[in-house]
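Asks: Before we start, here is the structure in question, set down as structure tokens.
The values are calculated or read from the model by the stated rules, or taken from the named source; none is laboratory data. Values in this document were obtained by computation on a predicted structure and should not be read as measured data. Cβ placement follows ideal geometry from the backbone for every residue including glycine, while neighbour counts extend to all protein chains displayed. Surface areas here come from the heavy atoms of the whole protein model, side chains and all, with no ligands, DNA or RNA. Shrake-Rupley method; radii C 1.70, N 1.55, O 1.52, S 1.80 Å.
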Amino acid sequence: MAHPQSRKARRAEDDSDGNAAMKTFLQRLAAHRPVAGKRTWVFVAYDQLTDRLGPLSRLDPRKAGIVVVESMQKGRRRSYCQHKLAFVLANLRHFCLEQAQRGVAVRHVATEGGYEGPLREVASEVGPLRAMEFAERELREELAPLVRDGLLVVESHEGWLTTRAQFDESHPDGPPYRMDRFYRHVRKATGVLMEGGKFAGGKLSFDAENRKRWNGEPAAPEVPTFARDEVTDEVVAFVRSAFADHPGAIDEDRLPCTQLHADAMWDWARRECLPQFGPYQDAMSTKSASLFHTRLSPLLNVMRVLPRDVVDGACASKLPIASKEGFVRQVLGWREFVRHVHAATDGFRSVTKGRDDLGQATPSFLGARRALPPAWWGEKSGLACLDRCVEDVWRDGYGHHISRLMVLANFAALLDVSPRELTDWFWCAYADAYDWVVEPNVLGMGTFAVGDLMTTKPYIAGASYVDSMSDYCKGCAFDPKTTCPVRSLYWAFLQRHEAKLKDNQRLAIPLQSMRKRTDAQREDDIATFERVSKALARGESLAPDASAGAESGSPRRGGGKPKKR
Ligand SMILES: Cc1cc2nc3c(=O)[nH]c(=O)nc-3n(C[C@H](O)[C@H](O)[C@H](O)COP(=O)(O)OP(=O)(O)OC[C@H]3O[C@@H](n4cnc5c(N)ncnc54)[C@H](O)[C@@H]3O)c2cc1C
């Protein structure tokens, strides 16, 4: 499918007639006539859509110009879900219009190719471009030749809250990397939630108090919707046609696309979500995919909402300390930590030899190599929890942390799915996925693919965890206490990987329990693992086997139509 603009990159201001895919956008952009005169040009990457950071924040708008590139090559690099493509593109175009409105000159380039060619062309015309360091390793690598040739002058990325030096200080002996060690260090170094040199509330983390099940009260907030305009409509139509073969849907009403939308989203999060954020952080429900989670990650990751603002806002609020700290730990702690681990390991290339066709690291500490079952792409598995989380994510590219960790990654780990394949699935499926954040979360936290490099143990759990933290099991054909195959999958995982995990102190009790299972139970666990793996690999839906009694999970043919891929 050709890009709506020609194969040759074209500048928006040259394109007065435009075309159907961006006609309104180009007309609106052309309506702003920047004053003539010399300008300093800044390349704004797709995930740096702010004028409050970096060189753009320091330039007089009448003396600044931005270069923004829409690259089909980037969009097609992997099967990014349609919601993410629409989100990024709509924000990018609205950002151009917002900057033009301020008097900034805008060069909007649409290209079939990548970023380097168009930027080299513009830089040779207007002189070296300035930019903030790119968060994505992929973009850093692609643009390294321009930096080397002096055509791109890169400054540090001011959107991060911590420095590499602080990360290194928190781990003077290098790996293994631990979030709590890093978090402790940066709380002290930044002074965030510190009172008189001590942690506010008397302790570093209130995590242990944040594990309530949600039974419908307090009511979960309604997720905001946003009025669409013609620019967004154009983007949605374009993505649906040019990326028709990409998975997922576009929830057009839930696309925050402008700076006003982003501000409204943060207001909503602060008002409606944060007061209950802590206690229900681990809960999952069929009634709400986000419960009291903020849904801010897509906006934070493209800088429409600034991390410093949400941390400052949460700290200045009158929230209970458990909610305040719980939220700050996510943004100042986890978000910064994973990004440092990604950079320190060169996207895990420094800790593993394996590479895939795209040059990505393919670690698998446990030797998991199986293909990701079609259930993750939308085929029904018969497990209500899995099917629900999959359905949720393909609707709008969102799921909260526990559905990602304890259902989607956990089940894939229990089935020995290739961590790389699972990572690429997460990267395609979620609107907030970028290499620096998705790779550590899936390869490190979700699958233990890099061993204890950044987590102390694999985050695996059986049916009772899902039952205790959600209402999913109520609507399931399986009984979590008797027939659910996830029980056996959990024990079978520990059996298969006992040799590699036997020295892990945090798994000592589960391993001991596994060893106490009778021979018959242990054989049945392995048989269930094989049966379920094969059935799901064939795209079959599981059903309780009345004759088999406990821990069944027999396949049933015809689980529904596969998602387009
Ligand atoms: C297997 C797996 C894959 C993940 N993939 C991504 C991803 O591709 N992109 C992404 O942004 N997050 C990812 N996460 C982290 C986390 O799940 C999401 O950031 C969070 O669910 C986003 O929803 P929210 O904005 O409602 O978060 P909230 O619960 O409201 O948290 C607030 C913010 O904290 C930050 N945060 C919390 N935990 C993490 C974390 N572990 N890593 C980075 N930031 C964090 C996010 O910016 C988030 O918006 C992943 C986690 C797991 C377990």
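Asks: If Glu336, Glu195, Glu138 are ordered by their accessible area, calculated over protein heavy atoms with a 1.4 Å probe, which sequence runs from highest to lowest?
Replies: Working: Glu336 0, Glu195 120, Glu138 30 Å².
Output order, biggest surface exposure first: Glu195, Glu138, Glu336.
Asks: Let me ask something else about it. In whole Hz and in residue order, list the ³J(HN,Hα) couplings for the range 24-40 that follow from phi through the Karplus curve 6.51 cos²θ - 1.76 cosθ + 1.60, θ = phi - 60°; x for Gly and Pro.
Replies: With the stated coefficients, the range 24-40 comes to 5, 4, 5, 5, 5, 5, 5, 5, 8, 10, x, 5, 6, x, 6, 10, 9 Hz.
Asks: Would you mind checking which residues have amide H under 5 Å from Asp545's amide H? H placed 1.01 Å from N; only 5 or more apart, or other chain.
Replies: So Asp545 has HN proximity to Ser552, Gly553, Ser554.
Asks: Taking all protein chains together and a probe of 1.4 Å, list Glu222, Glu133 from the most accessible to the least accessible.
Replies: Details: Glu222 150, Glu133 80 Å².
Descending accessible area places them as Glu222, Glu133.
Asks: So, one more: Ranking request for peptides 53-60, 414-421: highest mean number of other beta-carbon atoms within 10 Å first, then the rest in descending order.
Replies: Details: 53-60: 17.6, 414-421: 23.4.
Output ranking for 53-60, 414-421: 414-421, 53-60.
Asks: Over the chain, with every protein chain in place, what whole percent of the accessible area is carbon and sulfur at 1.4 Å, could you tell me?
Replies: On the way: 11320 of 22490 Å².
On the chain, the fraction of accessible area on carbon and sulfur atoms equals 50 percent.
Asks: Hey, can you grab everything whose amide H is under 5 Å from the amide H of Ala110? Only 5+ residues off in sequence or another chain; H modelled, so Pro and N-termini drop out.
Replies: Distant-sequence amide H within range of Ala110: Arg10, Glu70.
Asks: Another question about this same structure. What are the aspartates and glutamates whose alpha-carbon lies under 20 Å from the alpha-carbon of Lys318, with same-chain residues fewer than 8 places away excluded?
Replies: Cα-Cα hits under 20 Å: Glu195, Asp207, Glu209, Asp263, Asp267, Glu272, Asp309.
Asks: Accessible area per residue of the chain at 1.4 Å probe, in Å²?
Replies: Values: 22490 Å² over 565 residues.
Computed with neighbouring chains in place, this is 40 Å² per residue.
Asks: Continuing with this model, one more query. Quick one: if you take sqrt(5λ) for each eigenvalue of the C-alpha gyration tensor of the range 303-357, what semi-axes come out, biggest first, whole angstrom?
Replies: Details: eigenvalues 216, 28, 11 Å².
Its equivalent ellipsoid spans semi-axes of 33, 12, 7 Å.
Asks: Moving to a separate point now. Please calculate the 1.4 Å probe accessible area of Met265, with all protein chains present, and give it to the nearest 10 Å².
Replies: 10
Asks: Next question. Run lengths n ≥ 4 of DSSP H only: what is the helix-derived mean residue ellipticity at 222 nm for the chain, with -39500 (n - 2.57) per run over all residues, to the nearest 500?
Replies: Calculated from helices alone, the mean residue ellipticity at 222 nm is -11500 deg cm²/dmol.
Asks: List the lysines whose Cα lies under 17 Å from the Cα of Lys198, skipping any in the same chain that are fewer than 8 positions away.
Replies: Answer for Lys198, where 17 Å is the Cα cut-off: Lys188, Lys324, listed by chain and number.
Asks: Something else now. Take the Cβ-Cβ distance between Glu217 and Ala499 as r, set R0 to 41 Å, and report the resulting FRET efficiency rounded to the nearest 0.05. Mind showing how you got there, number by number?
Replies: Values: r = 46 Å, r/R0 = 1.13.
Approximately 0.35, to the nearest 0.05.
Asks: Measure nothing fancy, just the Cα-based angle from helix 307-316's long axis to the longest principal axis of the chain, in degrees from 0 to 90, nearest 10.
Replies: Value to nearest ten degrees: 70.
Asks: Further question on the same structure: Quote the convex hull volume per residue of the chain, based on C-alpha atoms, as a whole number of Å³. Write down the numbers at each step before the final one.
Replies: Details: hull volume 85.1 nm³, N = 565.
About 151 Å³ per residue, rounded to a whole number.
Asks: Quick query: amide H of Glu155 versus all other amide H atoms, modeled in the peptide plane; which residues come in under 5 Å with a sequence gap of 5 or more or a different chain?
Replies: Ala131, Met132, Glu133
Asks: For the cross-link pairs Lys481/Lys502; Lys353/Lys457; Lys380/Lys474; Lys380/Lys534, which exceed 19 Å when the distance is taken from alpha carbon to alpha carbon?
Replies: Numbers: Lys481/Lys502 27 Å; Lys353/Lys457 22 Å; Lys380/Lys474 17 Å; Lys380/Lys534 14 Å.
Table pairs above 19 Å Cα-Cα are Lys481/Lys502; Lys353/Lys457.
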